[in-house]
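Inspection log for the structure reproduced underneath, given as structure tokens.
Nothing in this text is a laboratory measurement; each read-out follows from the coordinates by a stated rule. What you see is a predicted model, and the numbers here were worked out from it, not measured in a lab. In this analysis, Cβ positions are derived from the backbone assuming ideal geometry, glycine residues included, and neighbour counts consider all displayed protein chains.
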Amino acid sequence: MKIATWNVNSIRQREQHVLSWLERNQPDILFLQEIKCTADQFPELGLRGLGYHAEIVGQKSYNGVAVLSRQPVGITHRALPGLPVDDAQARYIEVEADGMALAGIYLPNGNSGGAAGYAYKLAWMDKLAERAAELLAADIPLVITGDFNVCPEAQDLAPGALGPDDALVRPETRARYRRLLWLGLTDAVRSLHPTGPVWTFYDYQAAAFERDSGLRIDHALLSPTLAERLVSAAPDREERAKALPSDHVPVLVEIS
DNA sequence: ATGCCGGGTCCTACCCGA
């Protein structure tokens with residue numbers, strides 16, 4: 001089974017990139033982040049021709065997540081359980097497929113909005129951990145994948161790419177990511193590539209891609225029985241070299 | 001070493017991202 005995630009930075013700008021990538025990689029499920037549109041604005045994508053279904057949690061202008069799948073999936077949540085009911089940010093989609101729970105997330109960046117913006121990120125991570133614990137306690141095989149906006153360790157950012165106070169690397173951010181691992185989840189990419197750069201994001205500015213100055217912030221976390229079946233997990237760096245790319249590349253995980 | 005790039009929208013100057 002192939003599960004993928006990709007922050008596309010506007011699905012309307014990246015329609016052909018996504019179609020081409022689906023054709024070449026044939027994932028069973030692709031989670032999308034930052035689609036930056038409402039469900040009715042989501043492009044047709046020629047998905048029917050490729051045999052994909054789409055489920056969309058949209059929002060005007062910002063955020064927005066979706067899932068494309070070969071088989072129809074049942075949406076179980078359109079928002080992260082535990083957040084205030086008036087939270088309007090489209091950052092979470094959870095589906096059920098083959099007895100598994102799969103969550104696609106666009107975790108808040110946390111650098112804008114001052115102290116309140118960072119507090120929102122930490123609260124979001126707390127609720128994510130609660131949701132993961134709930135599913136693990138029920139012995140439901142679990143995948144959490146998406147744009148976490150977290151560089152888990154020092155080796156997950158190019159030297160000088162971010163300052164020490166950046167919301168992606170602050171100790172409180174990293175502690176909350178580690179809490180997810182301590183629940184028993186496995187970081188799929190890092191478990192197969194234990195050391196060194198495995199970038200999933202390159203800033204558009206300052207020729208970051210050409211300088212190989214990236215970040216590892218898009219992740220896939222697997223519950224134990226899925227981690228035991230992990231075959232491969234890696235970002236698709238080549239996608240960043242294409243014309244008019246997203247600043248994130250897809251991450252593809254294969255489970256036997 | 002940040003808003004230089006590249007999305008978005010009250011259509012065009014400004015907000016947001018990491």
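Computed values, structure above
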item: Low-density loop positions, trypsin sites (Lys or Arg not before Pro), the stretch A:144-225 - DSSP coil, at most 13 other Cβ in 10 Å; result: A:Arg211
item: Among beta bridges that DSSP assigns inside chain A, antiparallel share in %, nearest 5; result: 80
item: Over the stretch A:135-224, volume per residue of the alpha carbon convex hull, in Å³; result: 94
item: For peptides A:114-122, A:218-226, A:21-29, sequence by mean Cβ density within 10 Å, most packed first; result: A:218-226, A:21-29, A:114-122
item: Three-way shape label, the stretch A:166-212, alpha-carbon gyration tensor, a/c 1.5; result: oblate
item: Listed residues A:Ala154, A:Ser232, A:Leu32: farthest to the positive end of the dipole of chain A (Cβ charges); result: A:Ala154
item: Residue with peak Gaussian network fluctuation, chain A [Cα springs, cutoff 10 Å], from A:Ala137, A:Ala188, A:Ala167; result: A:Ala137
item: Dipole magnitude of the stretch A:146-256 about its Cα centre (Cβ charges: Lys, Arg +1; Asp, Glu -1), debye to nearest 20; result: 300
item: Furthest towards positive pole of dipole, A:Gly163, A:Pro250, A:Gln59, structure part chain A, Cβ charges; result: A:Gly163
item: Cα gyration tensor category, rounded, prolate or oblate, for the stretch A:25-77 with a/c compared to 1.5; result: prolate
item: When chain A is reduced to its Cα atoms, the Kirkwood hydrodynamic radius in Å; result: 18.1
item: Share antiparallel - DSSP beta bridges, the stretch A:84-173, percent rounded to 5; result: 50
item: FRET efficiency for A:Asn111 and A:Ala88, using Cβ-Cβ distance with R0 set to 25 Å, rounded to 0.05; result: 0.80
item: Student exercise, chain A dipole from Lys, Arg, Asp, Glu Cβ charges, in Debye to nearest 20; result: 160
item: Cross-link partners of A:Lys60 among lysines (Cα-Cα below 16 Å; sequence separation of 8 or more within a chain); result: A:Lys36
